[in-house]
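This is the structure, below, for whatever I ask next.
Just so it is clear, none of the values below were taken in a lab; they were calculated from the coordinates. From a predicted model like this one, the values you see are computed outputs, not experimental measurements. Positions of Cβ are backbone-derived with ideal geometry, glycine not excepted, and every protein chain shown enters the neighbour counts.
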Amino acid sequence: MRNHYNILGFVLLTLAAAMGVVGSDAGAVAQSSGTPATQKTGGEAVGASVFHPAGWSVSREPYTYDGTYGYTLWRSDTDRAHDHGGKPAMRVALAPDLEPAGIEGRVRELAADYADVPAEREKVAVGREHEGVAVGPIPGSTPSTEVYVPVNGRVYVINAYAEKPGGEGLGEQDLELLSGVRFEPPSRSVGSLDVAPANAPESLYPSAGGTQRETTKAPKGEETAEPALFSTTTRAGGETPIQGGCWRADPRFYVQTIHGYKANSSNADGIPTGWSTIGVPNFWGQYSHGNLGYGRCNEPNWANDQYAVDYPLNTGDAVFSPFSCGTVTFAGRNRTHADYGILVSIKACNGKYVSLQGHLSALRRGLSRGDRVSRDTIVGFAGKTGGGNIPVGRPHVHQAFYRYPSYTSDGAPYGGAGLQVNRLRYVGTAARRTGFAVRTHAYGYDQVRPRYDVFCREGVRCGEGYKVSN
């Protein structure tokens, strides 16, 4: 087995995912030529190690997720110019509160939650002498197969993530990784680490002493009148199917910019106050997340982000609901959509369209699933949260829209169809001149040549690099 891993360039990383960061000073041991280096994190609260390909990275978790605590292995990134880093390969976690006798009930619960996928179960070998129960695929931003392993009275939860659509389930590399897992008794408890649950108030909401730059999208007295709402019919001007299985939203349906009149107020960000920039600095191409393979249109088990857009904002800038009427389906962090960090999902009142806003630094205090929102609702604050130590670039909001998605058991969207919104309303206060009344405007987005020195205006076709008003 050792020779096999040497050929593949595997390294042994003894991971307890507790106190410490993997790196050249994190317990790397120099060995003779031809023998892979051994690295070890500081602390041993998980009690597991795993062989993995050289060049992968590991992120320990600053929170507990659903009563589990562990680490995630990330596939090596490409050398292409973007900020979102690599893709998750496997998460290994200890479930301190789950007894081996409770595994069967948990597996049945998961299979029932995703019966329409369908999620199926199987037995699988883990390590040298252990057997786990695998159930999957579990849909999300990156679908996974979840494996429950009883080890000497402890229970481990291992998620093997699909690398691309069509790769759901346990493939050859997943089985090889599972065979390379080694268990040992943890030398300290998870409770001793003093890590909070991922969705505890102190993990999601701004601190009491934090500042909030604005409370409304426009200055007091300059708000626009509530616009008329339009249905998304397929009559003239309605929504239309487009290439790849995505849909273009009804241009009459109300969708607005998500930042306010004080956004990007820092003098160092290169963006005028009250404006943001379409798709920069993440270089996704024209109004799309699809150019680097992260975008999809209609994969049933994935988040279909073909037409998602990144908007750079300063950390702490208010983020508004893009819909004039909607209901929160998810607010917080979860394991199925971990690479979005703190996210908010909103289902529009038309029953078809759903928004996902990711990488937030915090939620608006008190926001929770089931809350009704309007175009004046602040849902959270911009940031750069995401999956462990994989970079997401400068602070920005990942804004995606979906048509008729499905939902995980906790309300996060997946599947359905990616939605292109190519007419976006804005208040216009950033472009307002003294003495001019504020009106509701709309930008027209299209596949236009990038311009990094121009501003969107009413009636102008905009694309990557254009600055957009609040």
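Among VAL124, VAL379, which comes first, second and so on when ranked by fewest other beta-carbon atoms within 10 Å? Walk me through the numbers before you get to the answer.
Working: VAL124 20, VAL379 25.
Going from least to most buried by this count: VAL124, VAL379.
Could you check the simple spin-label distance between SER192 and ASP376, using points 7 Å along Cα→Cβ, in nm with one decimal?
According to this spin-label approximation, the distance is 5.3 nm.
Taking the Cα centre of each part, how many Å lie between region 395-414 and region 112-144?
About 22 Å separates the Cα centre of region 395-414 from the one of region 112-144.
Tell me, what is the FRET efficiency for SER368 and TYR404 to the nearest 0.05, using R0 = 25 angstrom and their Cβ-Cβ distance as r?
On the way: r = 24 Å, r/R0 = 0.94.
The computed FRET efficiency comes out at 0.60.
Using the Cα gyration tensor of region 73-193, with a ≥ b ≥ c the square roots of its eigenvalues, what is the shape: rounded (a/c below 1.5), prolate (a/b larger than b/c) or oblate (neither)? Could you put the intermediate results ahead of the total?
On the way: a/c = 1.74, a/b = 1.25, b/c = 1.39.
It comes out oblate by the Cα gyration axes.
Subtract the Cα-Cα distance of ARG128 and ALA200 from 0.36 nm times their separation in residues, and report this length gain in nm to one decimal. Spell out each step's value before the answer.
Numbers: separation 72, 0.36 × 72 = 25.92 nm, distance 3.69 nm.
Gain on stretching ARG128 to ALA200: 22.2 nm.
Rounded to whole Hz and in sequence order, give me ³J(HN,Hα) for region 374-386 from the Karplus expression 6.51 cos²θ - 1.76 cosθ + 1.60, θ = phi - 60°, writing x for Gly and Pro.
Those phi angles translate into 10, 5, 9, 7, 7, 9, x, 9, 5, x, 8, 6, x Hz.
Moving on to the next point. Could you run the Karplus curve 6.51 cos²θ - 1.76 cosθ + 1.60 with θ = phi - 60° over region 330-336 and give me ³J(HN,Hα) per residue in whole Hz, x for Gly and Pro?
With coefficients 6.51, -1.76 and 1.60, one gets 7, 8, x, 10, 8, 6, 6 Hz.
What nm distance separates the two modelled labels at THR273 and ALA115, each placed 7 Å from Cα along Cα→Cβ?
With each label point 7 Å from Cα toward Cβ, the separation is 5.6 nm.
Around ALA442, which amide H atoms from residues at least 5 apart in sequence, or from another chain, sit under 5 Å from its own amide H, with H modelled in the peptide plane?
TYR426, GLY459
Now a separate question. Expected output is a single nm value to one decimal: the length gained when fully extending between GLU99 and VAL448, i.e. 0.36 nm times separation in residues minus the C-alpha distance. What is it? Before the final figure, lay out the partial values.
Details: separation 349, 0.36 × 349 = 125.64 nm, distance 5.69 nm.
Here the answer is 120.0 nm.
Still on this structure, please answer the following. Which FRET efficiency, nearest 0.05, do ASN350 and GLU172 yield, Cβ-Cβ r, R0 41 Å?
Details: r = 44 Å, r/R0 = 1.07.
Once rounded, the FRET efficiency stands at 0.40.
Under the definition of Cα pairs under 8 Å and six or more residues apart, what whole-number percent is the relative contact order of region 292-374? Provide the component values of the computation, followed by the final result.
Numbers: 118 pairs, mean separation 23.0, N = 83.
28 percent.
Amide H of VAL126 versus every other amide H placed in the peptide plane: which residues, excluding those fewer than 5 positions away on the same chain, fall under 5 Å?
Distant-sequence amide H within range of VAL126: GLU131, GLY132.
Using θ = phi - 60° and the Karplus relation 6.51 cos²θ - 1.76 cosθ + 1.60, list the HN-Hα couplings for region 51-57 in order, rounded to whole Hz, with x at every Gly or Pro.
6, 8, x, 4, x, 6, 10
So who's got an amide H within less than 5 Å of the one on VAL155, skipping anything under 5 residues away but keeping other chains? H placed 1.01 Å off N, in plane.
ALA95
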